Amino acid sequence: DHGCHFRTRNGEYKRSCHDGCLRIPLSVNGPGFSGGRVIPELVSLIDLPKTVLTAAGARVPGDWRGNPLQDLVHGTAAAWPQDVFAQISESHVGRTIRTRKWKYAVGAPGIPGGKVAAADRYLDTFLYDLENDPHEQCNLVADPRFADVRQQLRRRLLERLREAGEAAAAIEPAAVQASPTGGAL
């Protein structure tokens, strides 16, 4: 499943872009996995179905998304994704992209996440420099010094929305100020 930030980031327990919710420690043992080591690449839950089928020796459907983790373990991953994508729902409709250095998130204001799966319009919500702010305390989403970073991550997030089969959406800058706790004021 996923983590829980215990209402420290928003008005509920677990549905946000923050690592306290999204990051899942993963330990794998079984066919194709032995020894013990940390793999630093970013992986996603979408990688697990292919991983399980590969470990079982079963045929993996060609149209499935994700990558088997065995490729990382055995050093055969030709081009591993440099980001992960997350869809946030129920409490709100949001989307996130995370790289090693950056986390960028958007939200659809006024759209009830428990009733609507996606939106056609999102607003910038969060931007974190994970190298310099690993606890996601300083939201840089409105900082003009990071306009190029936001633009680059916005383009990548829109690509990931298309890859996930979502309808075309627009992402607009949000008029927010960064707060010391990482939330929008």
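Where in segment 124-138 does the amide nitrogen come within less than 20 Å of the point 7 Å from the Cα of D148, taken along Cα to Cβ?
Residues 127-133 fall inside that zone.
Below 8 Å, C-alpha to C-alpha, sequence gap of six or more: please give me the relative contact order for the chain in percent.
Value for the chain: 15 percent.
Sum -39500 (n - 2.57) across every DSSP H segment of at least 4 residues in the chain, then divide by the residue count to get the 222 nm mean residue ellipticity, nearest 500.
Per the formula, -5000 deg cm²/dmol.
Tell me, what HN-Hα J-couplings in whole Hz come from the Karplus equation 6.51 cos²θ - 1.76 cosθ + 1.60 at θ = phi - 60° for each residue of segment 77-86, using x for Gly and Pro?
Per-residue couplings from phi come out as 6, 6, 9, 6, x, 9, 8, 10, 10, 9 Hz.
Probe of 1.4 angstrom, ligands and nucleic acids ignored: what's the accessible area per residue over the chain, in square angstrom?
58 Å²
What base-10 log of the normalised intensity I(q)/I(0) is obtained for segment 48-185 from the Debye formula, alpha carbons as equal point scatterers, at q = 0.11, 0.15, 0.16 Å⁻¹?
-0.48, -0.82, -0.91
Taking trypsin sites (Lys or Arg not before Pro) that fall in a DSSP loop and have at most 13 other Cβ atoms within 10 Å as cut points, what is the longest piece of the chain between them? Don't skip to the answer; put the middle values down first.
Details: sites that count: R7, R23, R37, R59, R65, R100, K101, K115.
Between exposed loop sites, the widest span is 116-185.
Within the chain, what is the longest stretch that has no GluC sites (Glu not before Pro) placed in a DSSP loop and near at most 12 other beta-carbon atoms within 10 Å?
It runs 1-89.
Express the carbon and sulfur contribution to the solvent-accessible surface of segment 26-173 as a percent, rounded to the nearest whole number, probe 1.4 angstrom.
For segment 26-173, the apolar C and S fraction of the accessible surface comes to 54 percent.
R0 = 22 Å: FRET efficiency of C138 with A164, Cβ-based, nearest 0.05?
0.15
Protein chains only, probe 1.4 Å: how do C17, C138 rank by accessible area, largest first?
Working: C17 5, C138 65 Å².
Highest to lowest solvent-accessible surface, that is C138, C17.
Would you mind calculating the gained length between A78 and D120 on full extension (0.36 nm times residue separation, minus the Cα-Cα distance), in nm to one decimal? Mind showing how you got there, number by number?
Details: separation 42, 0.36 × 42 = 15.12 nm, distance 3.39 nm.
This chain segment gains 11.7 nm when fully extended.
Taking amide H positions as placed in the peptide plane 1.01 Å from N, state which residues far from W102 in sequence (5 or more) or on other chains have amide H under 5 Å from it.
Amide H neighbours of W102: L130.
Count neighbours as other Cβ atoms within 10 Å of each site's Cβ, and list the chymotrypsin sites (Phe, Trp or Tyr not before Pro) in segment 6-114 that are DSSP loop with at most 10 such neighbours.
Listed in order of number, the matching sites are F6.
Whole-Hz Karplus ³J(HN,Hα) for segment 127-136, in order, using 6.51 cos²θ - 1.76 cosθ + 1.60 and θ = phi - 60°, x for Gly and Pro?
9, 10, 8, 6, 6, 9, 9, x, 9, 6
The values are calculated or read from the model by the stated rules, or taken from the named source; none is laboratory data. The shown structure was predicted, so the numbers you read here are calculated from the model rather than taken from an experiment. When we count neighbours, we look across all protein chains shown, and the Cβ atoms used for this are built from the backbone with ideal geometry, even at glycine. SASA here: full protein model, heavy atoms, side chains in, ligands and nucleic acids out. Shrake-Rupley method; radii C 1.70, N 1.55, O 1.52, S 1.80 Å.
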